[in-house]
Amino acid sequence: MMMAAVIEWVFWMFRLGDPPLTRTVVRLACMTESFGIDKAKKRLGYEPLISLDDALVLGVEDYIRRRNKQGSVSGEESKSKEA
């Protein structure tokens, strides 16, 4: 926290713009947050469409599919540049 304060002061003193590290950034980075849907379930009767485990599986599969698709597109571009 002290280092962030020094960096803020130096950037302010020499008018260097926004410092890359601030006391607020350090404070927020040290916080632990967790979120739940218990209140929505209780008050609104909310039920998720799919379970968390299924959503994680779908998310990972989608990421892999998009990464492979992006890799094949950039691979095709490099092949066309070589020709």
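The values are calculated or read from the model by the stated rules, or taken from the named source; none is laboratory data. Since this is a predicted model, take the numbers as computed values, not measurements. For neighbour counting, all protein chains shown are included, and Cβ atoms are generated from backbone atoms with ideal geometry for every residue, glycine included.
Suppose the filter is surrounded by 10 or more Cβ atoms within 10 Å (Cβ to Cβ), assigned to a loop (DSSP other than H, G, I, E, B) and at pLDDT below 95; does PRO48 pass it? Criteria met by PRO48.
Out of all the residues in region 67-83, which are assigned to a helix (DSSP H, G or I), modelled with pLDDT under 85 and of a type outside the set (Asp, Glu)?
Selection gives GLY71, SER72, VAL73, SER74, GLY75, SER78, LYS79, SER80, LYS81.
Within region 34-42, the presence of a residue that is aliphatic (A, V, I, L, M) and at pLDDT 95 or above is excluded. Selection within region 12-45: residues that are surrounded by 11 or more Cβ atoms within 10 Å (Cβ to Cβ) and not assigned by TED's automatic domain parsing to the domain that holds MET2. The member of this set that is nearest to MET1 (Cα to Cα) is ILE37. Scanning region 51-66 for residues that are of a type outside the set (Val, Ile, Thr) and either under 30 Å from GLU8 (Cβ atoms) or modelled with pLDDT of 95 or more (or both) turns up ASP53, ASP54, ALA55, LEU56, LEU58, GLY59, GLU61, ASP62, TYR63, ARG65, ARG66.
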